[in-house]
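Student: Starting off with a structure, shown below.
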Amino acid sequence: MTIQRLVSRVVLFGGAILLGACGTQPETMPEINLIPKPISIQEGAGSFKLKSGMTVAADSGLRTEAAYLAEALRNSSGLQLEEARAGKSGNINLRLGLDDPNPEAYMLTVDPEGIAIQGASPRGVAMGIATLRQLVPVDSRDSRIPYVTVIDAPRFDWRGAHLDVSRHFYTVDQVKRFIDLLATYKFNKFHWHLTDDQGWRIEIKQYPLLTERGAWRKFNGQDRECMAMAVREDNPELLIPEELLRIENGDTLYGGYYTQDQVRDVVAYASARGIDVVPELDMPGHLMGAQQGYPWITCTGESSWGQSFSSPLCPGKDSALMFAKNVYSEVFNLFPYEYVHLGADEVEKTNWKACPDCQARMRTYELADEEELQAWFVHDMENHFNANGKKMIGWDEIVDGGLSPTATVTWWRDWSPTAVTRATAQGNDVIICPDFLLYFDFIEQGRDLRRIYDTEPTAYRADWRLTPKQARHIRGIQANTWCERIPSERRMQYQVMPRLLAVSEMGWTRPEAKDWSDFERRFVAQVDRLDRHGINYRVPDLTGFNDINVFVDTAVIEVGCLLPNITVRYTTDGTFPNAESPLYTGPITVTESTRFIFRPFRPDGTAGAMQTAEYRKEAYLPAATLPDRKLENGVRMIYHEFKGRTCAGIEKSEVVRSYTLDSVAIPEKLEGWLGLIYEGYFEAPQDGIYTFSLMSNDGSMLYVDGQPLIDNDGPHGDKRLTAQRALARGWHRIRVEYFDMNNGGMLSVQWRRPTDETFRTLSGLKH
Ligand code: ACM
Ligand code: ZN
């Protein structure tokens with residue numbers, strides 16, 4: 001029976017349950033707040049109380065899933081479940097045999113008889129267990145599971161999360177906790193980035209120096225940056241954990257690695273939770289970890305740093321190729337899943353140009369350039385993967401220089417969008433993980449959760465226009481967490497939560513069933529679960545103030561937070577708020593210029609990120625004197641040829657041409673590296689406090705009457721800042737500077753007049 005037919009059957013059945021409950025006293029039921037949202041939830045009236053000593057019966061073939069369920073309920077609620085006697089049913093029954101073509105489909109029923117999960121495969125049962133885990137009340141003294149029937153199956157069959165354990169290392173227990181978090185929210189792939197320039201993290205028996213030398217390092221620049229941030233942001237989660245340090249010959253070394261037994265243990269742990277582990281040992285670049293013990297795999301025999309990236313493996317040397325294949329042969333045996341990730345991103349090819357072995361290889365195979373040599377290496381490795389029964393995945397660089405017909409692509413380079421159209425047109429599978437949206441090493445900004453939630457991955461770029469056939473090659477989605485600046489498990493959790501929740505729903509739930517406000521409500525409920533299980537998360541931005549706020553006589557600040565479990569403390573003397581700082585208890589009135597630092601505190605007492613709110617007492621800025629000529633409608637924009645990283649250099653760079661525009665926006669067709677400067681006048685209709693919003697990708701600056709008002713400069717993804725100014729009635733001069741580094745530009749200037757409820761585009765400009 002298909003899921004859709006099951007749904008219609010249960011709707012009738014659910015109605016009967018509700019009728020039968022008429023006349024009974026309703027008790028307050030634990031709420032159902034599942035993430036990701038299932039296809040169908042039919043709530044009944046009443047609940048089944050789980051107790052220690054209750055039994056679990058599982059079909060043969062579901063023993064690991066039964067053990068996973070028992071462990072999860074023991075950890076969340078202290079419940080001790082027993083195995084049902086052979087051939088008997090239990091209070092909880094795990095069954096196979098759901099008739100659905102999707103192996104992850106499941107049906108979960110809770111009724112007076114107990115709990116039943118039936119899956120189309122063990123994977124479906126694991127997904128049903130994830131749902132049951134979220135139905136267990138957060139309060140561990142309560143173990144009532146609401147009567148319900150959930151019928152469900154995922155939209156995408158690839159719902160991945162990647163973790164970089166090279167730049168900073170996470171222990172086996174920490175990796176398991178990450179996997180368990182993924183399982184709770186129905187992810188099904190764990191992409192384990194095991195090697196990189198900064199550390200080799202997996203035991204390879206044939207090459208012991210890989211871990212003996214490559215798994216340990218003296219503190220590097222990234223470590224020092226983390227330690228400096230820990231001080232700057234008053235945040236112990238950014239410190240390097242002491243348990244990952246060891247002293248050798250008087251040197252402090254940082255590191256760690258996984259033995260092959262530990263890898264097998266992690267793989268089994270993930271499998272019981274419905275998760276495949278995809279190892280990545282990045283080659284031919286990002287390979288300095290290996291070169292600590294085996295420098296002869298490079299072109300020069302030495303490990304070094306090039307113009308942009310590190311020295312890669314030498315694909316001209318048979319010995320280096322043999323090394324790569326031998327390493328992977330050991331890896332294949334540890335990971336039962338058919339997909340293995342080669343990496344192949346960001347390869348510096350200068351050494352290849354000068355290397356006689358590489359050049360000889362290019363002549364032998366008639367390769368036109370080093371891009372083709374890279375493609376040749378990737379294809380050679382893919383043959384080795386395939387000969388060992390494995391399928392190859394690579395970062396989207398594998399599309400350049402010739403993509404094999406069989407490789408799968410993880411698309412990350414926002415600025416190389418045609419990799420997706422080219423690969424899918426050729427019939428290759430693509431996993432969507434663009435860095436501006438799904439790279440969780442970037443600090444979450446205020447609107448990111450919403451941006452992720454609202455994204456339709458098959459239409460991430462409007463100009464893709466994938467045919468239905470191409471869209472079918474979008475295999476799914478993935479969130480990638482690179483850990484250069486993520487030294488601890490707590491910080492890692494902070495970086496991924498709550499964004500993983502939005503990705504979970506992006507991967508599982510059909511677009512027509514998604515609803516932001518409903519998701520936001522369920523997210524708030526899930527936070528209680530994270531608190532209870534000690535999982536860190538980023539508290540959504542506090543609301544009620546701008547970064548810069550202006551008043552003429554007095555101002556009243558009313559701080560808000562989406563999460564009801566948060567307390568807010570603040571300072572006005574520049575010190576970082578701590579547990580002793582004044583508690584925000586209600587609106588604050590200010591009569592003099594004041595700089596507030598607000599900080600959320602979670603129920604366990606840990607502090608979140610600080611937010612600064614500057615309150616400036618100002619007189620109204622007088623209106624500008626207009627030039628002595630008739631003004632033209634619109635804003636004037638000068639387009640500069642510009643390749644820089646701050647707005648400061650734009651004006652001095654070469655002018656390409658000028659435009660007159662209705663508002664401050666990037667004209668269609670303008671893209672690539674560029675610098676834009678806008679100038680014009682806008683009319684303030686009355687004396688008052690005006691709020692401006694400047695959003696851009698990359699950097700921008702906003703000036704009013706020659707004074708800098710918003711500094712949104714520097715390279716970055718979509719980032720919005722707001723500021724206020726007291727303006728006298730009349731015309732005022734505006735100037736906006738903006739640049740894009742050829743990686744997907746956007747610019748928007750909005751304002752809110754004193755009487756406006758919401759922001760609107762700044763228009764009606766003259767120049
Ligand atoms: C990557 O972010 N270098 C795949
Ligand atoms: Zn070479």
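The values are calculated or read from the model by the stated rules, or taken from the named source; none is laboratory data. What you see is a predicted model, and the numbers here were worked out from it, not measured in a lab. Note: ideal-geometry Cβ built from the backbone for every residue, glycine included; neighbour counts use all protein chains shown.
Student: Could you check the range 622-662 and list, in sequence order, the residues that are of a type outside the set (S, T, N, Q), without any contact (Cβ under 8 Å) to a residue 60 or more places away in the chain and in a strand (DSSP E or B)?
Tutor: Across the range 622-662, the qualifying residues are M637, I638, Y639, H640, V655, V656, R657, Y659, L661.
Student: Also, quick follow-up: Taking the conditions exactly as written (surrounded by fewer than 18 Cβ atoms within 10 Å (Cβ to Cβ), under 23 Å from D547 (Cβ atoms) and under 30 Å from the mean Cα position of the chain (by Cα)), does P715 satisfy them or not?
Tutor: On the way: surrounded by fewer than 18 Cβ atoms within 10 Å (Cβ to Cβ): yes; under 23 Å from D547 (Cβ atoms): yes; under 30 Å from the mean Cα position of the chain (by Cα): yes.
The answer is yes for P715.
Student: Kindly evaluate D318 against the criterion of being within 14 Å of ligand 2 (Cβ to nearest atom), free of Cβ contacts under 8 Å to residues at least 12 places away in the same chain and either within 30 Å of C433 (Cβ to Cβ) or not small (G, A, S) (or both). Explain how you work it out, then say what you get.
Tutor: Details: within 14 Å of ligand 2 (Cβ to nearest atom): yes; free of Cβ contacts under 8 Å to residues at least 12 places away in the same chain: yes; either within 30 Å of C433 (Cβ to Cβ) or not small (G, A, S) (or both): yes.
It is true that D318 is within 14 Å of ligand 2 (Cβ to nearest atom), free of Cβ contacts under 8 Å to residues at least 12 places away in the same chain and either within 30 Å of C433 (Cβ to Cβ) or not small (G, A, S) (or both).
For every residue, the table says whether it meets (1) modelled with pLDDT under 95; (2) surrounded by 21 or more Cβ atoms within 10 Å (Cβ to Cβ); (3) among the hydroxyl-bearing types (S, T, Y); (4) not in a loop (DSSP other than H, G, I, E, B).
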residue	(1), (2), (3), (4)
Q80	no, no, no, no
A86	yes, no, no, no
P101	no, no, no, no
L108	no, yes, no, yes
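Student: Now for a different question. Could you go through the range 340-353 and let me know if any residue there is away from ligand 2 (no atom under 16 Å from the Cβ) and either in contact with a Lys or Arg (Cβ under 6 Å, 6 or more places away or on another chain) or among the hydroxyl-bearing types (S, T, Y) (or both).
Tutor: Yes - at least one qualifying residue is present in the range 340-353.
Student: Tell me, which residue of the range 396-412 that is crowded, with 22+ Cβ neighbours inside 10 Å and within 26 Å of L500 (Cα to Cα) is farthest from ligand 2 (Cβ to nearest atom)?
Tutor: Checked the range 396-412; the qualifying residue farthest from ligand 2 (Cβ to nearest atom) is W411.
Student: If you don't mind, another one. Quick one: is E348 within 16 Å of ligand 1 (Cβ to nearest atom), of a type in the set (D, E) and out of contact with any helix residue (DSSP H, G or I) (no Cβ under 8 Å at 6 or more places or on another chain)? Lay out the reasoning, then the answer.
Tutor: Numbers: within 16 Å of ligand 1 (Cβ to nearest atom): yes; of a type in the set (D, E): yes; out of contact with any helix residue (DSSP H, G or I) (no Cβ under 8 Å at 6 or more places or on another chain): yes.
Yes: the conditions hold for E348.
Student: Condition first: closer than 21 Å to L194 by Cβ, touching a residue at least 60 places away in the same chain (Cβ under 8 Å) and in a loop (DSSP other than H, G, I, E, B). Now tell me which residues in the range 258-279 satisfy that.
Tutor: R273, I275
Student: Condition test on I240, is it more than 16 Å from ligand 1 (Cβ to nearest atom), touching a strand residue (DSSP E or B) at 6+ places or on another chain (Cβ under 7 Å), in a loop (DSSP other than H, G, I, E, B) and among the β-branched types (V, I, T)? Working first, answer last.
Tutor: Details: more than 16 Å from ligand 1 (Cβ to nearest atom): yes; touching a strand residue (DSSP E or B) at 6+ places or on another chain (Cβ under 7 Å): yes; in a loop (DSSP other than H, G, I, E, B): yes; among the β-branched types (V, I, T): yes.
For I240, the condition - more than 16 Å from ligand 1 (Cβ to nearest atom), touching a strand residue (DSSP E or B) at 6+ places or on another chain (Cβ under 7 Å), in a loop (DSSP other than H, G, I, E, B) and among the β-branched types (V, I, T) - is met.
Student: Now, a different point. Please pick out the residue among G316, G301, G293 that is under 22 Å from E382 (Cα atoms) and either at pLDDT below 95 or assigned to a loop (DSSP other than H, G, I, E, B) (or both). Let's see the steps before the verdict.
Tutor: Working: G301 fails: under 22 Å from E382 (Cα atoms); G293 fails: under 22 Å from E382 (Cα atoms).
Only one candidate qualifies: G316.
Student: For the structure I just gave you, tell me whether I204 is crowded, with 22+ Cβ neighbours inside 10 Å and in contact (Cβ under 8 Å) with a residue 60 or more places away in the chain.
Tutor: Numbers: crowded, with 22+ Cβ neighbours inside 10 Å: yes; in contact (Cβ under 8 Å) with a residue 60 or more places away in the chain: yes.
Here the answer is yes, as I204 does meet what is asked.
Student: Which residues, counting only those in the range 484-514, are under 22 Å from G608 (Cβ atoms), assigned to a loop (DSSP other than H, G, I, E, B) and either within 16 Å of ligand 2 (Cβ to nearest atom) or over 12 Å from the mean Cα position of the chain (by Cα) (or both)?
Tutor: Those that are under 22 Å from G608 (Cβ atoms), assigned to a loop (DSSP other than H, G, I, E, B) and either within 16 Å of ligand 2 (Cβ to nearest atom) or over 12 Å from the mean Cα position of the chain (by Cα) (or both): E484, R485, I486, P487, S488.
Student: Would a scan of the range 600-619 turn up a residue that is of a type in the set (G, A, S), outside any loop (DSSP other than H, G, I, E, B) and surrounded by 13 or more Cβ atoms within 10 Å (Cβ to Cβ)?
Tutor: Yes - at least one qualifying residue is present in the range 600-619.
Student: While we're looking at this one, here's another question. Tell me which residues, restricted to the range 34-74, are part of a loop (DSSP other than H, G, I, E, B), at positive phi and in contact (Cβ under 8 Å) with a residue 60 or more places away in the chain. Give the steps one after another, and end with the answer.
Tutor: Pass one, the range 34-74, residues part of a loop (DSSP other than H, G, I, E, B): 34-39, 50-54, 59-62.
Of the ones still in play, those that are also at positive phi are 53, 61.
G61 - this is the single residue of the range 34-74 that is part of a loop (DSSP other than H, G, I, E, B), at positive phi and in contact (Cβ under 8 Å) with a residue 60 or more places away in the chain.
Student: Next question, about the same structure. Do we have any residue at all in the range 403-411 that's aliphatic (A, V, I, L, M), assigned to a helix (DSSP H, G or I) and touching a helix residue (DSSP H, G or I) at 6+ places or on another chain (Cβ under 6 Å)?
Tutor: The initial filter retains those residues of the range 403-411 that are aliphatic (A, V, I, L, M), namely 403, 407, 409.
Cutting the leftovers down to assigned to a helix (DSSP H, G or I) gives us none.
There is no residue in the range 403-411 that is aliphatic (A, V, I, L, M), assigned to a helix (DSSP H, G or I) and touching a helix residue (DSSP H, G or I) at 6+ places or on another chain (Cβ under 6 Å).
Student: Quick check on my filter: what residues within the range 274-315 are of a type in the set (A, V, I, L, M, F, W, C) and within 14 Å of ligand 2 (Cβ to nearest atom)? Steps first, answer last, please.
Tutor: Applying the first criterion (of a type in the set (A, V, I, L, M, F, W, C)) to the range 274-315 yields 275, 277-278, 281, 283, 287-288, 290, 296-297, 299, 305, 309, 313-314.
Answer for the range 274-315, where residues must be of a type in the set (A, V, I, L, M, F, W, C) and within 14 Å of ligand 2 (Cβ to nearest atom): M283, L287, W296, I297, C299, L313, C314.
Student: Tell me the residue from D518, D547 that is on the phi < 0 side of the Ramachandran plot and at pLDDT below 95, please. Walk me through how you get there before you give the answer.
Tutor: Details: D518 fails: at pLDDT below 95.
Checking each option against the conditions leaves just D547.
Student: Follow-up question, since we're still on this one. Looking only at residues that are aliphatic (A, V, I, L, M) and either within 20 Å of E372 (Cβ to Cβ) or in contact with a strand residue (DSSP E or B) (Cβ under 8 Å, 6 or more places away or on another chain) (or both) in the range 321-330, which one is farthest from ligand 2 (Cβ to nearest atom)? Spell out how you get there, then give the answer.
Tutor: Quick first cut of the range 321-330, residues aliphatic (A, V, I, L, M) only: 321-322, 324, 327.
Within this subset, residues satisfying the condition of being either within 20 Å of E372 (Cβ to Cβ) or in contact with a strand residue (DSSP E or B) (Cβ under 8 Å, 6 or more places away or on another chain) (or both) are 321, 324, 327.
Numbers: L321: 11, A324: 13, V327: 18 Å.
Checked the range 321-330; the qualifying residue farthest from ligand 2 (Cβ to nearest atom) is V327.
Student: Does the range 690-710 hold any residues that are farther than 20 Å from T758 by Cα and either more than 31 Å from the chain's Cα centre (by Cα) or modelled with pLDDT of 95 or more (or both), and which are they?
Tutor: Filtering the range 690-710 for residues farther than 20 Å from T758 by Cα gives 697-701, 703-708.
Matches in the range 690-710: G699, S700, M701, Y703, V704, D705, G706, Q707, P708.
Student: Take V655 and decide whether it is within 19 Å of M637 (Cβ to Cβ), touching a His at 6+ places or on another chain (Cβ under 9 Å) and surrounded by fewer than 18 Cβ atoms within 10 Å (Cβ to Cβ). If you could, list the steps in order and put the result at the bottom.
Tutor: Numbers: within 19 Å of M637 (Cβ to Cβ): yes; touching a His at 6+ places or on another chain (Cβ under 9 Å): yes; surrounded by fewer than 18 Cβ atoms within 10 Å (Cβ to Cβ): yes.
The answer is yes for V655.
Student: Inspect all residues belonging to the range 312-327 and state whether any of them is more than 30 Å from the chain's Cα centre (by Cα) and of a type in the set (D, E).
Tutor: Yes: one or more hits.
Student: With the requirement that a residue be out of contact with any Gly (no Cβ under 7 Å at 6 or more places or on another chain) and buried (at least 21 other Cβ atoms within 10 Å of the Cβ), what does the range 50-71 give you? Give the derivation first.
Tutor: First, the residues of the range 50-71 that are out of contact with any Gly (no Cβ under 7 Å at 6 or more places or on another chain): 50-54, 58-71.
Within the range 50-71, L50, A58, L62, E65, A66, Y68, L69 meet the criteria.
Student: I'd like to verify a number: residues in the range 405-430 that are charged (D, E, K, R) and within 15 Å of ligand 1 (Cβ to nearest atom), how many? Give the derivation first.
Tutor: The first filter runs over the range 405-430 and keeps only residues charged (D, E, K, R), leaving 413-414, 422, 429.
Subset that is within 15 Å of ligand 1 (Cβ to nearest atom): 413-414.
The qualifying residues number 2.
Student: Sticking with this one: For the range 663-767, which fully contained strands (runs of 3 or more DSSP E) count at least 1 residues that are closer than 23 Å to L626 by Cα and free of Cβ contacts under 8 Å to residues at least 12 places away in the same chain?
Tutor: Correct list: 707-712.
Student: With G675, G644 as the choices, which residue is surrounded by 13 or more Cβ atoms within 10 Å (Cβ to Cβ) and at pLDDT below 95?
Tutor: Just one listed residue meets the conditions, G644.
Student: Out of the range 528-548, which residues are assigned to a loop (DSSP other than H, G, I, E, B) and charged (D, E, K, R)?
Tutor: Within the range 528-548, R538, D541, D547 qualify.
Student: Also: Filter the range 422-446 down to residues that are charged (D, E, K, R) and in contact with a strand residue (DSSP E or B) (Cβ under 7 Å, 6 or more places away or on another chain) and give me whichever is nearest to I477 (Cα to Cα). Break it down into steps so the answer makes sense when it comes.
Tutor: Of the range 422-446, the ones charged (D, E, K, R) are 422, 429, 435, 441, 444.
Filter once more, keeping what is in contact with a strand residue (DSSP E or B) (Cβ under 7 Å, 6 or more places away or on another chain): 429, 441.
Values: D429: 11, D441: 17 Å.
Within the range 422-446, the match that is nearest to I477 (Cα to Cα) is D429.
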